[in-house]
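The structure appears below as structure tokens.
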Amino acid sequence: MAYGISTKECRKLAFEMAIRNNIKVPDSWHVCKSAGVEWMRYFLKRRRNISIRQPEACSLSRLTSFNPYNVGLFFDNLESVLRRIPQVADGNRIFNLDESGVTTAQKPRKILAEKGSKQVNQCTSAERGALVTICSIVSAAGTYLPPALVFPRKYFKAHMLAGVPAGSLGLANTSGWMTSDLFIQVLDHFIKFTNSCSENPTLLIYDNHESHISLATVEKARKFRVNILTLPPHCSHRMQPLDVSVFGPFKSYYNAAVDSWMLRNPGIPMTIYQVAQCLGEAHPKAFTPANIIAGFKRNLESPSTSFQARKNDDLNKETNKTNLKCDSTDNTEKTDDK
């Protein structure tokens, strides 16, 4: 797993196996010290369960951190919190917080183009757009709090939020990233909308980013009975509800909104002052109760089977993709035969 071989390495291996087993091979194989391209094509045709795929880069930390021990430790901590503070067992008091980035240069969607076109372009504002960080908070009951936005400016101006959901928090930092000082304001924003206090505690789940775990953050959370539970390192891509079921649709809707803005304003580059407008169009479409609840249900509902369930989901995805590939090949062959 995660150490696959390329087609070139596979052809070299086939040649070495043929020589080891005294199998007669074409002279061209001896010249190139590998099997030919035609052999590779017929090999894939015979082995319907194998296909050529573009792998997604995954760091060694992520590969090794998502394991039964780390997942089990997280759910042990979650169970301990729910037993110690039964008030937060209600889905309305369990929240997940995470940041994501949006830019002024959207990722183009697929478009219709003439067959045989050598190059198909889609207009964007720049090669690399300016980054705006959105900090989202959702509850296990399927609701969301107004987001917080960090703009790449030294000072925040109110007009930067024109078009965002009502009650959103605007922040500024020269890099556009979340910092420990800004996160204190996000925590105040959270406390304001959840009314977290001694009589009405909350549970806030997020990752271990350095901006989230400063001493000032912990002290303020303790004062207002915000119980913080952090996810295992390098596991948020599989265990964080926002990452799993919300940010994907949100990015798609945001890119569509930017495409629409560019179409309505030809020749005008998009800036950070239009990000709020596009974000306001995409946010309610992606942050639906169905998407939010699905993220919590998939990751936090069944502690004893969470790890195996996530592994089974990945396995099923690979199986379905392989089956689709095989079905496509079968249909092509039937058409050729006819």
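Quick notes on this one:
- Selected residue [polar (S, T, N, Q) and modelled with pLDDT of 95 or more] from ASN96, ASN121, ASN77, ASN70: ASN96
- VAL226 meets each of the listed conditions (1) in contact (Cβ under 8 Å) with a residue 40 or more places away in the chain; (2) surrounded by 21 or more Cβ atoms within 10 Å (Cβ to Cβ); (3) more than 23 Å from the chain's Cα centre (by Cα) apart from (1).
- Residue match in segment 196-214 (condition: without any contact (Cβ under 8 Å) to a residue 24 or more places away in the chain and either polar (S, T, N, Q) or open to solvent by less than 70 Å² (accessible area, probe 1.4 Å) (or both)): no
- Residue in segment 11-29 that is within 30 Å of PRO232 (Cβ to Cβ) and in a loop (DSSP other than H, G, I, E, B) present: no
- In the condition set (1) in a helix (DSSP H, G or I); (2) open to solvent by 60 Å² or more (accessible area, probe 1.4 Å); (3) small (Gly, Ala, Ser), ALA57 is compliant with all but (1).
- Lone qualifier among ILE205, ILE184, ILE191 - being outside any loop (DSSP other than H, G, I, E, B) and either modelled with pLDDT under 95 or under 20 Å from the mean Cα position of the chain (by Cα) (or both): ILE205
The values are calculated or read from the model by the stated rules, or taken from the named source; none is laboratory data. Every value quoted in this text rests on a predicted model; they were computed, and no experiment measured them. Because the Cβ atoms are built from the backbone with ideal geometry, glycine has one as well, and the counts that use them run over all protein chains shown. Accessible surface is based on the protein model in full, side chains and every heavy atom, while ligands, DNA and RNA are left aside. Shrake-Rupley method; radii C 1.70, N 1.55, O 1.52, S 1.80 Å.
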